[in-house]
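A.B. asks: Pasting a structure here, questions to come.
No lab work stands behind these numbers, since they all come straight from the coordinates. Source: prediction; values computed, not measured. No Cβ is skipped: glycine too gets one built from the backbone with ideal geometry, and neighbour counts run over all protein chains shown.
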Amino acid sequence: MQAVQSFKNQAAGTLYLVPTPIGNLGDITARALDTLRAVDLVAAEDTRHTQQLLNHFEIKQHLVSLHEHNYAQRVPQLIEELKAGKDVAQCSDAGMPSISDPGKELVAAAVKEGLPVVALPGPNAGLTALIASGLVPQPFTFYGFLPRKHQQQVTALSELVNRPETLIFYEAPHRLAKTLAALAEVFGKERKVVLARELTKRYEEYLRGSLGEAVNWAESQPVRGEFVLLVAGNDHPQASGEAPAQAADPIEQIDAEIARGLTTNAAIKLVAKQRGLKRQELYKQYHQL
Ligand code: SAM
């Protein structure tokens with residue numbers, strides 16, 4: 001156990017993880033501003049974006065970029081700066097660093113080197129949406145972004161279909177309708193969902209209903225703004241919630257997946273994928289039976 005970080009590395013600088021507003025500049029904390037002023041440099045997901053934030057608060061800082069395309073080179077450089085006694089603040093474009101955003105590799109490297117890491121509390125879209133959603137606030141699973149490809153979404157969601165806790169997803173507006181359709185396909189159209197839109201901004205709203213209603217809504221108009229999707233947990237989980245052991249017969253396996261809570265189509269897709277079978281053929285075979 002490493003109870004007191006600074007024992008190990010007293011001369012080292014500290015890595016501060018600084019959350020930034022998710023739409024309302026008034027949500028930055030006094031401590032975040034003090035930290036951004038006081039550190040030796042700021043590692044930002046997008047330096048232009050963070051520069052605008054710093055300009056707004058009249059903070060002059062040295063900025064370097066840290067994102068998914070340069071972390072392999074940048075993390076070792078930042079670790080050297082920390083070892084040399086420099087304090088570093090890391091922030092993303094919006095919300096908590098590392099939460100569906102860059103940062104985790106830097107934190108892991110700093111922890112590995114025994115360097116002090118301090119996280120500041122602050123804005124986060126998922127938790128903000130959760131507490132106003134009206135869904136059961138705990139336990140919950142924060143999933144973040146689902147895979148983009150439909151089949152991979154179905155596979156990921158099949159693992160979650162029996163989970164009793166509230167599920168939190170992020171999604172981009174132009175993919176919202178398709179992701180909601182995949183959720184309805186796997187979880188069923190009746191499952192409750194809350195769409196938390198444009199949190200902390202002028203047009204903030206919560207849309208509450210079933211997945212079927214949400215699909216209709218998203219398909220009937222252009223979807224704009226940022227969204228958190230919160231899906232109610234399964235209050236009638238089937239069996240143990242574990243994936244059924246693979247039956248010898250694919251038809252039996254489909255039935256087992258349906259008994260576990262998947263819709264027929266989702267079960268056929270999943271079994272076809274797992275066994276490398278053609279979905280259409282399996283579909284015909286299942287329905288002829
Ligand atoms: N690090 C951020 C956090 O702590 O929430 C999340 C960043 S992630 C790249 C961006 C996603 O978060 C968006 O696609 C959306 O799903 C969600 N999000 C961010 N800001 C939001 C807002 N103001 N309202 C609703 N969702 C938001």
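A.B. asks: Provide Asp235, Asp87 in ascending order of the number of other Cβ atoms located within 10 Å of each residue's Cβ, fewest first.
C.D. replies: Ordered by Cβ neighbours within 10 Å, fewest first: Asp235, Asp87.
A.B. asks: Compute, for segment 4-119, the length of the dipole vector about the Cα centre, with Cβ point charges of +1 (Lys, Arg) and -1 (Asp, Glu) only. Units Debye, rounded to 20.
C.D. replies: Computed charge dipole of segment 4-119: roughly 280 debye.
A.B. asks: Can you tell me which aspartates and glutamates have their Cα less than 17 Å from the Cα of Lys83? Leave out same-chain residues fewer than eight positions away.
C.D. replies: By straight Cα distance, Lys83 reaches Asp40, Glu105, Glu113.
A.B. asks: Additional query: Can you tell me the mean projection area, over all orientations, of the convex hull of the chain's alpha carbons? Units nm², please.
C.D. replies: Result: a mean projected hull area of 18.4 nm².
A.B. asks: Something else now. Please build a GNM for the chain, connecting alpha carbons under 10 Å apart, and tell me which residue among Ala32, Ala108, Ala125 fluctuates the most.
C.D. replies: Highest fluctuation among the options: Ala108.
A.B. asks: Using θ = phi - 60° and the Karplus relation 6.51 cos²θ - 1.76 cosθ + 1.60, list the HN-Hα couplings for segment 86-93 in order, rounded to whole Hz, with x at every Gly or Pro.
C.D. replies: 7, 8, 10, 9, 10, 9, 9, 5
A.B. asks: Would segment 139-289 count as rounded, prolate or oblate if I go by the C-alpha gyration tensor, calling it rounded below 1.5 in a/c and otherwise prolate when a/b exceeds b/c, oblate otherwise?
C.D. replies: Since a/c reaches 1.5 and a/b is larger than b/c, the shape of segment 139-289 is classed as prolate.
A.B. asks: On to the next question. Please identify the chymotrypsin sites (Phe, Trp or Tyr not before Pro) of segment 130-206 that satisfy two criteria: DSSP loop assignment and at most 16 other Cβ atoms within 10 Å. Which are they?
C.D. replies: Listed in order of number, the matching sites are Tyr203.
A.B. asks: Straight-line reach from Lys60: which lysines have a Cα under 19 Å away, not including same-chain ones fewer than 8 places off?
C.D. replies: List returned: Lys86.
A.B. asks: While we're here: Under the rule a/c < 1.5 gives rounded, and otherwise a/b versus b/c splits prolate from oblate, where does segment 4-78 land using the Cα gyration tensor?
C.D. replies: The shape class here is oblate.
A.B. asks: Another question about this same structure. Students often forget the sequence filter, so: which aspartates and glutamates lie under 20 Å Cα-Cα from Lys273 once same-chain residues fewer than 8 apart are removed?
C.D. replies: Glu159, Glu185, Glu242, Asp249, Glu252, Asp255, Glu257, Glu281
A.B. asks: Given the options Gln153, Gln253, Gln274, which has the most mean-square fluctuation in a GNM of the chain, springs set between C-alpha atoms less than 10 angstrom apart?
C.D. replies: Sorting by GNM fluctuation, first place goes to Gln274.
A.B. asks: Would you work out the relative contact order for segment 1-125, in percent, from Cα pairs under 8 angstrom that are 6 or more residues apart?
C.D. replies: The normalised contact order for segment 1-125 reaches 44 percent.
A.B. asks: Whose amide H sits under 5 Å from the amide H of Val118, counting only residues 5 or more places off or on another chain, with H placed in the peptide plane?
C.D. replies: Excluding prolines and chain starts, which carry no amide H, the hits are Leu15, Tyr16, Leu17.
A.B. asks: How high is the relative contact order of the chain, given as a whole-number percent (alpha carbon pairs under 8 Å, six or more residues apart)?
C.D. replies: Averaging sequence separation for qualifying contacts and normalising by length gives 17 percent for the chain.
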